[in-house]
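Undergrad: Quick one: structure below, then a few questions.
The values are calculated or read from the model by the stated rules, or taken from the named source; none is laboratory data. Since the structure is predicted, the reported quantities are computational estimates derived from the model, not experimental observations. All Cβ positions, glycine included, derive from the backbone under ideal geometry; neighbour counts span all protein chains shown. Just so you know, the surface numbers come from the protein's heavy atoms only, side chains and all, with ligands and any DNA or RNA stripped out. Shrake-Rupley method; radii C 1.70, N 1.55, O 1.52, S 1.80 Å.
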Amino acid sequence: MTVADPSTIPVPARRVPTTAAGIALACSAPIWAISVAAVGDHEGFGAASVFGGLAALAFQLSVLALLSVQQRSHAMGVGRVARVGYRVEVVVLGGALVSTILDMFWLVHGSVVWMIFDICWPLSMLGMLIIGIRVAIADRWTGALRWQTLFAQSWLVWALPLGAIPGVGLWGAVVQTILGYGGLGLLLARRQVITASAPVSQNPLS
């Protein structure tokens, strides 16, 4: 009798819908980017803080939807590193959501609590960069989708330096966000479905 190696038993193909996450990302990324340019330096509670906060919340929720699509389609792989990576990123992005709400209503601003949640936003973008690199290396998302994901999720690498260039300033970050995350959203909306199938791996680093 032949015993099958469990590490080579295929998982039944799973069709992961991408349309909703794609549309959310394609719509929210430009709105958030423009809101940052328009009211990003606003201080205090008011219409500007509410508008900027709502735009940021919409974008952050669409990023959570993107992470869900990536996780369900095994974009980073199926091992422990991928599973832990998604969980950590969701927790940090959750902290960024809290930070956005605090800024929207100008709550506990400048306090230790505010600073703890405020740092979650750059940490979440660092996490998205790491995930984007891992997705590109894993090569489970192929073609334009693979490289657009890397470009979009490398926001931290592109937007901050662009924002420091004289004559480019904040608009460089705005353009990168629109072309990056907005473009990724359009690709996902057009793709509609990603078929995910992968071997059950016993390697925790796969």
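Undergrad: Among the residues of the stretch 111-126, which ones are more than 17 Å from Leu66 (Cα to Cα), in a helix (DSSP H, G or I) and open to solvent by less than 50 Å² (accessible area, probe 1.4 Å)?
TA: Hits for the stretch 111-126 are Trp114, Cys120.
Undergrad: Answer with yes or no whether Ala164 is surrounded by 15 or more Cβ atoms within 10 Å (Cβ to Cβ) and among the hydrophobic types (A, V, I, L, M, F, W, C).
TA: On the way: surrounded by 15 or more Cβ atoms within 10 Å (Cβ to Cβ): no; among the hydrophobic types (A, V, I, L, M, F, W, C): yes.
Spelling it out, it is not the case that Ala164 is surrounded by 15 or more Cβ atoms within 10 Å (Cβ to Cβ) and among the hydrophobic types (A, V, I, L, M, F, W, C).
Undergrad: Among what's in the stretch 100-109 and is open to solvent by less than 50 Å² (accessible area, probe 1.4 Å) and either free of Cβ contacts under 8 Å to residues at least 40 places away in the same chain or among the aliphatic types (A, V, I, L, M) (or both), pick the residue that is nearest to Ala55 (Cα to Cα).
TA: Out of the qualifying residues, it is Met104.
Undergrad: Here is a list: Val63, Val69, Val98. Which entry is in contact with a strand residue (DSSP E or B) (Cβ under 8 Å, 6 or more places away or on another chain), β-branched (Val, Ile, Thr) and either modelled with pLDDT of 95 or more or not in a loop (DSSP other than H, G, I, E, B) (or both)?
TA: Details: Val63 fails: in contact with a strand residue (DSSP E or B) (Cβ under 8 Å, 6 or more places away or on another chain); Val98 fails: in contact with a strand residue (DSSP E or B) (Cβ under 8 Å, 6 or more places away or on another chain).
Checking each option against the conditions leaves just Val69.
Undergrad: Quick one: how many residues across the stretch 17-45 are among the hydrophobic types (A, V, I, L, M, F, W, C), open to solvent by 70 Å² or more (accessible area, probe 1.4 Å) and farther than 19 Å from Phe105 by Cα? Working first, answer last.
TA: Filtering the stretch 17-45 down to residues among the hydrophobic types (A, V, I, L, M, F, W, C) leaves 20-21, 23-27, 29, 31-34, 36-39, 45.
Applying the additional criterion that residues be open to solvent by 70 Å² or more (accessible area, probe 1.4 Å) yields 20, 23, 27, 31, 34, 45.
This time we only want the ones that are farther than 19 Å from Phe105 by Cα, so: 20, 23, 27, 31, 34.
Adding up the residues that qualify gives 5.
Undergrad: Let me ask you something else. Do we have Val108 as touching a helix residue (DSSP H, G or I) at 6+ places or on another chain (Cβ under 7 Å), among the aliphatic types (A, V, I, L, M) and either more than 22 Å from Val16 (Cα to Cα) or in a loop (DSSP other than H, G, I, E, B) (or both) here?
TA: Values: touching a helix residue (DSSP H, G or I) at 6+ places or on another chain (Cβ under 7 Å): yes; among the aliphatic types (A, V, I, L, M): yes; either more than 22 Å from Val16 (Cα to Cα) or in a loop (DSSP other than H, G, I, E, B) (or both): yes.
So Val108 fits the description; yes.
Undergrad: Quick check on my filter: what residues within the stretch 127-160 are touching a residue at least 12 places away in the same chain (Cβ under 8 Å) and either of a type in the set (Asp, Glu) or open to solvent by 70 Å² or more (accessible area, probe 1.4 Å) (or both)?
TA: Selection gives Ile130, Ile133, Arg140, Val157, Trp158, Leu160.
Undergrad: Which members of the stretch 73-95 meet the condition of being not small (Gly, Ala, Ser) and not in a loop (DSSP other than H, G, I, E, B)?
TA: Taking the stretch 73-95 first, the residues not small (Gly, Ala, Ser) are 74, 76, 78, 80-81, 83-84, 86-93.
Listed by number, the residues that qualify are Arg80, Val81, Arg83, Val84, Tyr86, Arg87, Val88, Glu89, Val90, Val91, Val92, Leu93.
Undergrad: Also, I was wondering about something else. Filter the stretch 168-177 for residues that are part of a helix (DSSP H, G or I) and open to solvent by less than 60 Å² (accessible area, probe 1.4 Å); which is farthest from Arg146 (Cα to Cα)?
TA: Residues of the stretch 168-177 part of a helix (DSSP H, G or I): 169-177.
Narrowing further to those that are open to solvent by less than 60 Å² (accessible area, probe 1.4 Å): 169, 172-174, 176-177.
Numbers: Gly169: 28, Gly172: 23, Ala173: 21, Val174: 22, Gln176: 17, Thr177: 17 Å.
Per the stated criteria, the residue is Gly169.
Undergrad: What is the residue count in the stretch 53-99 for residues that are open to solvent by 20 Å² or more (accessible area, probe 1.4 Å) and not hydrophobic (A, V, I, L, M, F, W, C)?
TA: Count: 9.
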